[in-house]
Amino acid sequence: MKLIDIIKDANVNLLRNKLRSFLTILAIFIGSFSIISTSAIQAGVNDFIDSQVDSYGGDGYLAIVSKDSFDALEGLQGAMGGGGGLIEYNPDKIQTGMSPVTEEQIEKLKKIDGIDADSIVEEKTLSISYVTSEKTDKKYLITAEALPPGNIKVDLVTGKQLDLRADEYQILLEEKYADALGYSNKDAIGKKIQLIVVDEYTHQEKTFDAKIVGIIAPGVVSMGYQYTNNKLADDIYDENTKYYPEEVKSQTFAVAANYDFEKYSSDDIKKELEEIGLSAMTIEDIIGTIKTFFDVILTVFKIFGLIALLAAAIGIINTLFMSVQERTREIGLDKALGMSSAKVFFSFTIEAISLGFWGSVFGIIVSMVIGNAANAAFHAEGGFLEAFPTFNLATYTIPDMISVTILIMAIAFLSGTLPARRAAHKNPIDALRYE
């Protein structure tokens, strides 16, 4: 008997007792549905967080300032960015407290084990008084910086990435700024906003008309920065420092660098930095325990799914034992006609695998239908993911679906081996006498 014939017979035999087979497949379906749904949610969460991490330079990114500056800036980004509202411009408010990173510290930084010396970039601190547009009379505080060099792609709702070498002024803007300045996401692309720098001595305003090329997607990893191309950043910096002596212009207040996160922990690197008077923030610091929290919760759900599969495995054993008992005379006849014990064993294990296959397939299909419907509903107006358009609650991947199907078929196979072994070892003469 060919393999294809054994598979066909196994599936036909499942229909002999439709109710019993249905209940067994239903139990497998519940376990399959639970595991694939949990895997899809975990994939959705991880994809969202990974896209946020990539927007800030990846896992090995370090934002480095002097220790004094780090203490002075603590809590500032929480006020300017994150989920908070915009702050209107107040000309009487002055912010101070930054101290430079010295050339000596930068040279020591290059020699720290684990730091990629070639990745070190001395960042320019931009001082923008406020942002406005021709669509509104409001003036808002804004923090902006040049997009760090490297293969960094900011997660966008719409639009495109910055052209860092363009001669025109370009900016990536958060959605809340686009709304406040009188533009919806799609309408904002290509429009210009005004970045105003107020001269600290003459109090005259210098206007930089910046073209919006993309809208930054909201996320859990947010520093509240808007990103500019190099031309805009350079010209604003020149305006900020036009009265400064050359030795002051050359000062660096922030440094970006990458470290070997696979070999060194962030704590190891931070200890080295503290010894030279520097402090750093990693992507891990920004995310905090969010990803760990999700992983723990979803692992618990997976355990419940595995428990459901364990119950389904017991159902498979029971189903096949009853099938063996009902088909005792048939087994005896097959063996009397020359069917080997191995083929009898194989035919029953194929039945078990078929139960696992159909249960897993139905579980995956139903989960995908519900998951995709949930994504659409949650992103609709009023949905709880409306504020995070790039966050899909459930993301289904081919590897996950294949892995779950193989896992369940393997469990079904192991569950069917005992009944199949009993069938294979039946004496044909005794089996033919069975009533």
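The values are calculated or read from the model by the stated rules, or taken from the named source; none is laboratory data. Just so it is clear, the model here is predicted, and its values are computed rather than measured. Here the Cβ is made from the backbone with ideal geometry for all residues, glycine too, and neighbour counts use every protein chain on show. These accessible areas exclude ligands, DNA and RNA; they are computed on the full protein's heavy atoms, side chains included. Shrake-Rupley method; radii C 1.70, N 1.55, O 1.52, S 1.80 Å.
Measure off, as a whole percent, the carbon and sulfur share of the 1.4 Å-probe accessible area of the range 291-431, all protein chains present.
Numbers: 5390 of 7410 Å².
Of all accessible area on the range 291-431, carbon and sulfur atoms account for 73 percent.
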**Loop GluC sites (Glu not before Pro), the range 106-157, which have at most 16 other Cβ atoms in a 10 Å radius of their Cβ (DSSP)** = E134
**Message:** Please list 3J(HN,Hα) in residue order for the range 346-362, calculated via the Karplus relation 6.51 cos²θ - 1.76 cosθ + 1.60 where θ = phi - 60°; whole Hz, with x for glycine and proline.
**Reply:** 5, 5, 6, 5, 5, 4, 5, 5, 5, 4, x, 5, 5, x, 5, 5, 5
**Message:** Could you derive backbone 3J(HN,Hα) for the range 270-279 from the dihedral phi with the Karplus parameters 6.51, -1.76 and 1.60 (θ = phi - 60°), listing whole Hz in sequence and x where the residue is Gly or Pro?
**Reply:** 5, 5, 5, 5, 4, 5, 10, x, 10, 10
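Can you pull the percent of the range 166-287's accessible area that's carbon plus sulfur, 1.4 Å probe, other chains left in place? Write down the numbers at each step before the final one.
On the way: 2490 of 5710 Å².
Carbon and sulfur: 44 percent of the exposed surface of the range 166-287.
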**the range 303-353: C-alpha gyration tensor shape, a/c 1.5 cut-off, then a/b vs b/c** = prolate
**Message:** Keeping every protein chain present and rolling a 1.4 Å probe, give me the accessible area per residue for the range 344-388 in Å².
**Reply:** 45
**Request:** With a ≥ b ≥ c taken as the square roots of the eigenvalues of the C-alpha gyration tensor of the range 141-283, please select rounded if a/c is under 1.5 and otherwise prolate if a/b is larger than b/c or oblate if it is not?
**Result:** oblate
**Request:** Just the ratio, please: alpha-carbon radius of gyration of the range 306-435 over 2.2 N^0.38 Å, N its number of residues.
**Result:** 1.54
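Percent of accessible area on the range 104-159 owned by carbon and sulfur, 1.4 Å probe?
Values: 1210 of 3060 Å².
Carbon plus sulfur share of accessible area: 40 percent.
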